[in-house]
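Here the structure is laid out as C-alpha cells; the discussion comes afterwards.
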Amino acid sequence: MTVLTLRALEKHYGSIKAVDHVDLQLESGEFMAILGPSGSGKSTLMRLVAGLEPPTSGDIIVDGQSVVNVPPQHRNVAMVFQSFALYPHMTVRDNILFPLVSRKVPKQEHEARLQKATSMLGVENLLDRRPSRLSGGQQQRVALARALVRDPELFVFDEPLSALDAQIRSRARAELRELHDQTRITTLYVTHDQVEAMGLADRVAVINEGRLHQVGTPQELYNDPADLFVAGFIGNPPMNLIPLDETMVAGLRPEHMLVDPEEDVPDLLIDLAVTIEHIEYLGSEWLAHGQARAVTSNGQQLHVIARLPASAHPGLVSGQECRMVGQRKDVCLFDRASGKRQVQAEVPA
Amino acid sequence: MLRKIGFYCGIGFLTLFSIVPLLWALITVFKRNSDMYSVGTVPFFYNEPPTLEHVVFLFTESNFGLFLQNSAIVGIFVVLITMVLSIPAAFSLARLTGSWGERSGMAIFLVYLIPPSLLFIPMYQIVVWLGIANTIWSLVIVLPTITVPFCTWLLLGFFRSVPRSLDEAAMLDGCGQFTTFYRVLLPQVWPGVGACAVFAFSLSLGNYIYAATFITRSAARTLSAGVPTELIRGDVFFWPELMAATLVVAIPLAIVYGLFFNYLVGGFKNAT
C-alpha cells in the first residue's frame, strides 16, 4: 500500500527551484532516505511533506488523500528535528505527552502510551528532567518518543544524528533502524550523509538542485548509478569518472581499478598510465591516489583512485609510475552531455 | 597583585560614588531641622538625636499617600495595557509577517525616541477631548504611547531568539497558531515579559512632563509631579520629606531592577 505520493511537486523561491518536479512514492512500512548535498532541496522537500511550507505546484497525497491544503497540525506526520526542538519549559514527561494533549487524546490513554513510547526508547528514568539537563543522545531519544507517542502515519527525520557526537552516532543509527523494524512506521529520512542513508534505508532517493536523480535500494545506487551525479556522489571515495571520447564517460569503482595486473586481464575498457600521488592506509584497505598521464579533452588533469585490500601491501610509493586498468564488465557508461547512463550494448567495442 | 588592588580600589570608588547620594538622603530623612540647617557641622553625621517627625509629616500632612496610590494605579494599568498590546504585536512581527516584520523593529523603536516635551501639547488636546484631563486616567491612556513601542521592540528580540523549530514542532504536534503562541512560545519569553513590565512600570513612575501638565489637581497627581510641587512650597524645600519620598520609591524599584537586570540586558542584545 502506498502511504505517501508526491506528484510533480515544485517549490520555487523567486527564480530558484528548490524542489523541481519531484515524483516519489513511499510504500507502507518503508524506510526511505532522501540523500543530497547541502542546498540540494532535501530539507525543503521534507518541509513540504510535513506541511511547514506550501508547495508552488504539484500534489502531496497521504493515504489516498491530498494534503496540500491541510495545515501541519491536521496532518498525521511526526517530525524529529535536527535540533530535536524539545520544549525547554516542559519536563521530559510533558514533552512526550504534548502531542496527545494538543490533539485532545483522552486522558486515560496518556499513561499507557507514555509507557509504551518511553520503554521502547529507554527513557523511563528521565521523565522528570528538563531537556537542558539531558545529553545529546538522551535528547534525541526523547524527541523520538515524542514523535512516536501518537502513532503517526508518517515519520519525517531531519538529519537527526548530525547533532550527536561521532562516537554515539553509529550506535544511534543502529537503534534508529531497530526502532523502525519494531514499529514499521513509514519513514522519510533526510540526510546529507551517505553512510546514514545507505546503512539505514530500504530505498534511497538522491536529490540535487531540487531534482531527483535516482530512487533505488542502496545496492542499486552503488552498482547501477543512473547518472553522473549519483556516480560521483555515492561511494567513498566515489566512482572514478574517466572520459572515453567526446561523448562517453566511463565510471569505475575504485575497488575495480586494477593496479599493475600481473597476468593478462581480458576485455579491458580502461587502460591508463598513472603517476602515483600518494597512498592512504585506512586499516582495512589501501587507497592509491594517482594522476593519469593522458589529459582529458578539455585539458584537465585526470585524478584516479584505486582501492586495494589491506592484506596485499601495494608496494607503491609517491611518484611511482604504474598501470591502472578496468574491465568492461565493471564499467558503467554515461552520456557526457546529458549525464545519463548508457546501456552497454550501445558502446562501440 | 598590584593590578588586583587597583581593580578593587576602582570598584570601591565607583560603589561609593554611586551610593553616597543615597546614603546622604537616608541620613537626611531622620535629621532634625535644627541639625540640618546648622552651619559648620559635617552633614553626614547626626549631631542631634534622629527623629521620625518628617516621615510622619510626609504620610499624614501631605498628599504623599494619595500620590503613591495614584502612581500605583497608573503603573498597574499602564503595564497591563502595554502587555496586552505589545506581546501580540511582537509575536506577530517576529513570526507572522515575513522578513519585513523583523526589520520594522528599528522603526518602532524610533517612535519611542520622539520626546514627550514635544508631544504633550497635542496629547493634551486629546486628553481634554476625551474628558479625562485632571484625572489619573489621562496618564493611563497616554503613557502607553511611550511604553508600547519600546516594549514591542524589546519583546521582538526575545521572540526572535526562540528557534523557529519550536513553533514548527508545536504545529506538527497538533497546535494551531494561537496554542503554539500560548503554550510554546510565550513560556520562552516570560523573562522578557517580566523585564518589560518592570520597564513600563518604572517609566510610568518617572514620567514628569505628562504628569505635571495633564493633572493640576493635587489629589489626582502622581509621585513624579506631586512630590516636587507639594514638598517645595515657594522657596521652602522640605528636604527630609523630599528625601523620604524619593527613597520610598527608589529602593524597591532598584531591587526589582536588580532582579531583572540580566533579562533586560539580554533583551537589548536580542533586539539589536
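Here's the yes/no breakdown for (1) of a type in the set (K, R); (2) touching a strand residue (DSSP E or B) at 6+ places or on another chain (Cβ under 6 Å):
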position	(1), (2)
A:R173	yes, no
A:E178	no, no
A:R184	yes, no
A:D193	no, no
A:L212	no, yes
A:E220	no, no
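Could you tell me which of the residues B:L203, B:L259, B:L185, B:L166 is on the phi < 0 side of the Ramachandran plot and in contact with an Asp or Glu (Cβ under 8 Å, 6 or more places away or on another chain)? Before you say what the answer is, go through the steps one by one.
Details: B:L203 fails: in contact with an Asp or Glu (Cβ under 8 Å, 6 or more places away or on another chain); B:L259 fails: in contact with an Asp or Glu (Cβ under 8 Å, 6 or more places away or on another chain); B:L166 fails: in contact with an Asp or Glu (Cβ under 8 Å, 6 or more places away or on another chain).
Exactly one residue qualifies, and that residue is B:L185.
Scanning the stretch B:116-162 for residues that are within 20 Å of B:S71 (Cβ to Cβ), β-branched (V, I, T) and assigned to a loop (DSSP other than H, G, I, E, B) turns up B:I132, B:T135, B:I136. Across the stretch A:235-252, the number of residues qualifying as surrounded by fewer than 23 Cβ atoms within 10 Å (Cβ to Cβ) and either in a loop (DSSP other than H, G, I, E, B) or among the acidic types (D, E) (or both) comes to 8. Can you name the residue in the stretch B:231-241 that is open to solvent by 20 Å² or more (accessible area, probe 1.4 Å) and not aromatic (F, W, Y) and, of all such residues, is nearest to B:S71 (Cα to Cα)? Filtering the stretch B:231-241 for residues that are open to solvent by 20 Å² or more (accessible area, probe 1.4 Å) and not aromatic (F, W, Y), the one nearest to B:S71 (Cα to Cα) comes out as B:I232. For B:F67, are the conditions met, namely being in the same structural domain as B:F199 (by TED's automatic domain parsing), aromatic (F, W, Y), closer than 28 Å to B:L26 by Cβ and in contact (Cβ under 8 Å) with a residue 40 or more places away in the chain? Yes; evaluated as a whole, the condition is true for this residue.
Among the residues of the stretch A:265-280, those that are closer than 19 Å to A:G315 by Cβ and either in contact (Cβ under 8 Å) with a residue 24 or more places away in the chain or outside any strand (DSSP E or B) (or both) comprise A:V265, A:L272, A:A273, A:V274, A:T275, A:I276, A:E277, A:H278, A:I279.
Which residues, taken from the stretch A:198-224, are polar (S, T, N, Q), more than 29 Å from A:I16 (Cα to Cα) and within 12 Å of the chain's Cα centre (by Cα)? Break it down into steps so the answer makes sense when it comes.
From the stretch A:198-224, those polar (S, T, N, Q) are A:208, A:214, A:217, A:219, A:223; that's our starting set.
From what is left, the residues that are more than 29 Å from A:I16 (Cα to Cα) are A:217, A:219, A:223.
The answer is A:T217, and nothing else.
Considering (1) in a loop (DSSP other than H, G, I, E, B); (2) open to solvent by 20 Å² or more (accessible area, probe 1.4 Å), the lone condition that A:P225 does not fulfil carries the number (2). Summed over the stretch A:314-333, residues that are among the basic types (K, R), touching a strand residue (DSSP E or B) at 6+ places or on another chain (Cβ under 7 Å) and either farther than 15 Å from A:V304 by Cβ or surrounded by 18 or more Cβ atoms within 10 Å (Cβ to Cβ) (or both) total 1. The single residue among B:F59, B:F109 that is farther than 23 Å from B:A197 by Cα and under 23 Å from the mean Cα position of the chain (by Cα) turns out to be B:F59. Annotation: A:E255 fulfils all but one of (1) modelled with pLDDT of 95 or more; (2) open to solvent by 40 Å² or more (accessible area, probe 1.4 Å); the unmet one is (1). Within the option set B:S161, B:S99, B:S86, being touching a residue at least 12 places away in the same chain (Cβ under 8 Å), in the same structural domain as B:R183 (by TED's automatic domain parsing) and open to solvent by 30 Å² or more (accessible area, probe 1.4 Å) holds for one residue only, B:S161.
Which helices (runs of 4 or more DSSP H) sit wholly inside the stretch B:163-268 and have at least 1 residues that are at pLDDT below 90, away from chain A (no Cβ under 14 Å) and within 23 Å of the chain's Cα centre (by Cα)?
Details: elements: B:164-172, B:190-206, B:209-214, B:223-231.
Output list reads B:190-206, B:209-214, B:223-231.
Counting only helices (runs of 4 or more DSSP H) that fall entirely inside the stretch B:1-78 and contain at least 1 residues that are open to solvent by less than 60 Å² (accessible area, probe 1.4 Å) and more than 25 Å from B:L253 (Cα to Cα), the qualifying elements are B:2-29, B:33-37. Of A:Q219, A:Q182, all but one fail to be more than 24 Å from A:S119 (Cα to Cα), open to solvent by 40 Å² or more (accessible area, probe 1.4 Å) and not in a loop (DSSP other than H, G, I, E, B); the exception is A:Q219.
Of all residues in the stretch A:224-238, those that are over 21 Å from A:H289 (Cα atoms) and at pLDDT below 95 have Cβ atoms under 8 Å from Cβ atoms of residues that are of a type in the set (D, E, K, R) and not in a helix (DSSP H, G or I), 6 or more apart or on another chain, in A:D224/A:R341; A:P225/A:R341; A:A226/A:K340; A:A226/A:R341; A:D227/A:K340; A:D227/A:R341.
The values are calculated or read from the model by the stated rules, or taken from the named source; none is laboratory data. Because the structure is a prediction, the values reported are computed rather than measured. Please note: Cβ atoms are built from the backbone with ideal geometry, for glycine as well, and neighbour counts cover all protein chains shown. These accessible areas exclude ligands, DNA and RNA; they are computed on the full protein's heavy atoms, side chains included. Shrake-Rupley method; radii C 1.70, N 1.55, O 1.52, S 1.80 Å.
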